[in-house]
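Below is one structure, written out as structure tokens; comments come after it.
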Amino acid sequence: MSKFIINWWKKLSWEVQISWSKNAALPIICASILFKWTVILKNIPNIADIKTLIKILEFLGAKIKFENNILEINSENLENKFIPIELVHSLRWAILLLWPLLARFWKAEMAQPWWCLIWRRPANAHLNAFSEMWVKILESEKNLRLEVWEKKEKYKFSMSEISVTWTENILSFASYQNFSEISLCASEPHVQDLCHFLEKIWVKIEWIWSHKLKIFWNTSLPFLLKWKKIVEYTITNDYLEIWTFAVAAAITWWNVLIKWAKEWDLDSFWLKMKEAGVKFKHSENEVEIFENDPKKFKPVKIQTWVFPAFPTDLQAPFAILQTIANWEGKIFETLFEKRLNFLFELEQMWARIKIENPHQAIIFWWKKLKWAEVTSCDLRAGAAVVLAGLIADWQSTILNIKYIDRWYENFEEKLKNLWAEIKRKRIS
């Protein structure tokens, strides 16, 4: 186990290149087993969750090669085995393997995955959606088992709520059906990336508005599989990491150039940055954060919602900017009931915060943050407390950084390249 030690305030400068999207990579890796030969995926982040998923695929008989952010998967001899708890207990994304296994073998089973700290995400919603697609579900307290009861010609239904993981699950399974039409589906950039990958293996997908899609199975796919031995695909970049470094640059008063920043993925965020008084400029696939005076930052109200609205994954990093803005900033977290828990850590650093309920909080006008030993509560909260450490007096310590390692590739190295004083230290 390790911790971060961050020395007191220092201006960040220079440039940073954004890594590739874990949110896109994990469902695409799972969906790759739909193709029965070799899939080569480029720009795969070298992080803990990816390595865990690779172990599961190897357990199922896939041949894997992972070097220099290039992942090669051959699932020709894939076996449909029960996936035990020791392989899925720390990776809720493992549930995304059920549906491509179900599409290939007509049955799939695994231990119940554990769920994250910000919300009890039960599998029931996933299972209810698939029961409408004639999938027989045998569920116990510890295990999940699914079987295709009857393969229909057409599936058409609305999801009970807009969910990224549900949408990705249905996309994988529906790719082997004749026709599916799904309403209230998620449309985040990483969901779009999964669609582009499925199109690469000859699945036809049509978006109708932003939250409705049609999926057509390519009837020539069995023939194509006989001769097309390799599919290559390049993963998109992590638009959420772009935002994290944009906030880091803004609060530390200096110029930072962020490379691989697609402007069209980020509209809701840049509107809030502009409203807060942050100076920045876009160019092609880059954004420059100019020298800012945080004392002139204006408070804003953040209300999270599904894409393309302001994302829940960014309200924690943005809250750090709110701590140094004038007057009162507000957070309204509409999706997850435990996502504001990181604010208790900021209070240890003398941030002035009023938590009104599990979904709403007020961050009061500017007060200098002080050093403290704080804990990373979840993936995005971990990044947020690191940003707080960059502007706090003296030397701050961030514990439980395993969550940061699960998401960000070389996070502290990127900050060091921007002249931050941060180091990793093992805890005995």
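The values are calculated or read from the model by the stated rules, or taken from the named source; none is laboratory data. What you see is a predicted model; the values in this text were computed from it and never measured. Note that we place each Cβ from the backbone using ideal geometry, even for glycine, and neighbour counts take in every protein chain shown.
Name the single residue, out of those in segment 180-203 being part of a loop (DSSP other than H, G, I, E, B) and under 22 Å from the mean Cα position of the chain (by Cα), that is surrounded by the fewest Cβ atoms within 10 Å (Cβ to Cβ). Spell out the reasoning first.
Initial filter on segment 180-203 (part of a loop (DSSP other than H, G, I, E, B)): 184-188, 201-203.
With the extra rule that they be under 22 Å from the mean Cα position of the chain (by Cα), the set shrinks to 184-188.
Numbers: Leu184: 16, Cys185: 22, Ala186: 22, Ser187: 19, Glu188: 23.
Step by step, filter segment 180-203, then rank; the result is Leu184.
Would you mind stating whether Glu206 is under 22 Å from the mean Cα position of the chain (by Cα) and either part of a helix (DSSP H, G or I) or modelled with pLDDT of 85 or more (or both)?
Spelling it out, it is not the case that Glu206 is under 22 Å from the mean Cα position of the chain (by Cα) and either part of a helix (DSSP H, G or I) or modelled with pLDDT of 85 or more (or both).
Can you tell me which residues in segment 228-245 are among the basic types (Lys, Arg) and in contact with a strand residue (DSSP E or B) (Cβ under 7 Å, 6 or more places away or on another chain)?
If the condition is that a residue be among the basic types (Lys, Arg) and in contact with a strand residue (DSSP E or B) (Cβ under 7 Å, 6 or more places away or on another chain), then Lys229 is the only one that fits.
Do any residues in segment 5-28 that are closer than 21 Å to Ala392 by Cα and outside the structural domain of Asn68 (by TED's automatic domain parsing) have Cβ atoms under 6 Å from those of residues that are part of a strand (DSSP E or B) and among the hydrophobic types (A, V, I, L, M, F, W, C), where the two are at least six apart or on different chains, and which pairs are they?
As it stands, the answer is Ile6/Ile422; Leu12/Val256, since those pairs meet every condition given.
Rundown of residues vs (1) at pLDDT 95 or above; (2) in the same structural domain as Asp313 (by TED's automatic domain parsing); (3) exposed (fewer than 15 other Cβ atoms within 10 Å of the Cβ), yes/no style:
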| site | (1), (2), (3) |
| --- | --- |
| Trp366 | no, yes, no |
| Glu373 | yes, yes, yes |
| Leu379 | no, yes, no |
| Ala383 | no, yes, no |
| Thr397 | yes, yes, no |
| Asn410 | no, yes, yes |
| Lys416 | no, yes, yes |
| Glu421 | no, yes, no |
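Only one residue in Glu409, Glu413 is among the acidic types (Asp, Glu), free of Cβ contacts under 8 Å to residues at least 60 places away in the same chain and either over 13 Å from Lys370 (Cα atoms) or not in a helix (DSSP H, G or I) (or both). Which one? Outline the logic, then answer.
Working: Glu409 fails: free of Cβ contacts under 8 Å to residues at least 60 places away in the same chain.
None of the others qualify; the one that does is Glu413.
Looking only at segment 327-348, filter to residues that are without any contact (Cβ under 8 Å) to a residue 40 or more places away in the chain and surrounded by 24 or more Cβ atoms within 10 Å (Cβ to Cβ); which one of those is nearest to Lys367 (Cα to Cα)?
Restricting to residues being without any contact (Cβ under 8 Å) to a residue 40 or more places away in the chain and surrounded by 24 or more Cβ atoms within 10 Å (Cβ to Cβ), the top hit is Gly329.
Yes/no matrix, rows are residues, columns are (1) more than 20 Å from Asn237 (Cβ to Cβ); (2) exposed (fewer than 15 other Cβ atoms within 10 Å of the Cβ); (3) in contact (Cβ under 8 Å) with a residue 12 or more places away in the chain:
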position	(1), (2), (3)
Ile44	no, no, yes
Ile64	yes, no, no
Ile70	no, yes, yes
Glu79	yes, yes, yes
Ile83	yes, no, yes
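Taking Glu147 as the residue in question, decide whether it is farther than 26 Å from Thr234 by Cα, modelled with pLDDT of 85 or more and not in a helix (DSSP H, G or I).
So Glu147 passes the test.
Which residue pairs have Cβ atoms under 6 Å apart, sit 6 or more places apart or on different chains, and have a first residue in segment 374-394 that is in contact (Cβ under 8 Å) with a residue 24 or more places away in the chain and a second that is small (Gly, Ala, Ser) and in a helix (DSSP H, G or I)?
What qualifies is Ser376/Gly382; Arg380/Ala316; Ala381/Ala316; Ala384/Ala316; Leu387/Ala248.
Within segment 248-289, which residues are under 18 Å from the mean Cα position of the chain (by Cα) and modelled with pLDDT of 90 or more?
Selection gives Ser268, Phe269.
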